[in-house]
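Each reported figure results from applying straightforward, stated rules to the coordinates on display, with no laboratory input. Because the structure is a prediction, the values reported are computed rather than measured.
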Amino acid sequence: MKVWYDACTGKHVRYGVAIAKRLRSMGHTVILSTRRHPDTLTLSRFLGESFRIIGSYDPQSLISRTAAGAKRQLLFCKLFKTEKPDLAISHCSVDQSRVAFGLHIPLILTVDTPYADAVNKLTLPLCNYAVASRGIPEAFLQKYLVDGKLVGFDGVDEAAWIKNATHRVEYNFGKPLIVVREPEEKAVYANVKVDMATLSKKLTNLGKVVFLSRYERKTCEGLIVPKGFIDTASLVAQADLFVGVGGTITREAALQGTPAIVIKMFQDQFVNDFLIKKGFPIYNVEYSETPKFAEKLMGHKCDVKNLLGKLDDPVDAIVDLIEEVKVDK
């Protein structure tokens with residue numbers, strides 16, 4: 001089969017590469033596409049994968065965001081004018097979902113961000129299958145599905161590239177090492193703001209602090225702000241502590257035994273809570289309490305190899321669905 005995967009962010013790139021490697025080993029052809037985005041192009045090069053760059057990400061305003069998406073959809077139509085894929089897969093790519101629906105291409109979506117209501121409304125009703133961690137209550141996702149089938153797995157998306165990690169970069173930022181991730185404040189769902197730069201400075205008394213900004217790499221006194229590409233999965237594996245507000249790097253850290261503090265900003269962090277129940281070191285903390293809690297966690301890295309080995313790899317679930325689509329065709 002010819003399978004099309006569209007990646008909108010760095011996480012999607014990692015997911016797409018993991019899926020593509022498995023599918024190619026089974027004899028399938030994979031088309032990888034992405035958009036110009038701060039996290040996608042450098043990561044794809046690092047992973048040694050060739051993605052077709054289709055359009056860009058422009059979150060300056062609602063108009064720019066919508067217009068950029070419409071342009072991508074037109075470019076996809078042009079790309080598949082003569083021959084369309086047999087199957088489309090993405091982590092809820094709005095542009096891919098719309099085009100796949102319009103061209104009658106079966107669509108598999110992975111989903112792990114329940115609070116991204118706008119994206120879920122624009123993608124999940126169009127899919128044939130939605131693949132999600134069993135940590136997310138079925139009722140929460142079923143409300144978005146129309147004809148699509150919900151397929152659960154006993155794990156998290158990040159296991160797809162952490163369990164079989166081959167790319168590792170050694171960083172020498174000093175020890176003890178704390179990694180702080182700036183929130184994605186330009187996402188539609190980001191209606192609450194937290195000052196992570198100020199918080200990062202308060203953590204410098206505990207060790208070296210690497211501050212991973214989103215869009216601008218401005219120098220911050222007392223903090224290490226990398227100017228170039230950073231492989232976050234490698235970095236948090238070497239860190240003594242991670243601090244963030246979301247899920248992806250939080251889970252990359254915890255799956256490798258690095259304690260991860262999640263500042264309470266978003267509701268419905270079901271997937272993080274799922275890992276907490278499994279015994280992984282994730283801690284939900286109020287912003288004001290973070291410095292004290294961080295001090296308690298320093299020096300408490302965990303051996304989670306056995307726990308990681310028990311988690312399902314979501315790529316297995318996706319492969320099973322592809323075989324089901326082949327039968328239907």
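Sequence-ordered 3J(HN,Hα) estimates for the range 45-51 from the Karplus curve with 6.51, -1.76 and 1.60 and θ = phi - 60° stand at 5, 4, 7, x, 10, 9, 9 Hz, glycine and proline given as x. Principal semi-axes of the equivalent ellipsoid, √(5λ) from the alpha carbon gyration tensor of the range 1-80, are 24, 15, 8 Å from largest down.
Based on Cα contacts under 8 Å between residues 6+ apart, the chain shows a relative contact order of 14 percent. Considering the values [x] 41, 23, 15; [y] 41, 37, 22; [z] 33, 21, 19, which represents semi-axes √(5λ) of the Cα gyration tensor in Å as calculated for the structure under consideration? Computed from these coordinates, semi-axes √(5λ) of the Cα gyration tensor in Å corresponds to label [z].
A simple rule links phi to the HN-Hα coupling: the Karplus curve 6.51 cos²θ - 1.76 cosθ + 1.60 with θ = phi - 60°, which for the range 197-207 gives 5, 5, 4, 4, 5, 5, 8, 5, 6, 9, x Hz, with x for Gly and Pro.
One Cα centroid belongs to the range 28-65, the other to the range 90-119; the line between them spans 16 Å.
Backbone geometry of the range 271-286 corresponds, through the Karplus equation with coefficients 6.51, -1.76 and 1.60 at θ = phi - 60°, to 3J(HN,Hα) couplings of 5, 4, 4, 4, 6, 4, 5, 7, x, 7, x, 10, 9, 8, 9, 5 Hz, x marking Gly and Pro.
The value of relative contact order for the range 177-310, using C-alpha pairs under 8 Å at least six residues apart, is 22 percent. In the chain, helical runs assigned H by DSSP with n ≥ 4 each contribute -39500 (n - 2.57); averaged across all residues and rounded to the nearest 500, the mean residue ellipticity at 222 nm is -10500 deg cm²/dmol.
Largest mean-square fluctuation among I261, I318, I63, in a Gaussian network model of the chain whose springs join Cα atoms under 10 Å apart, belongs to I63.
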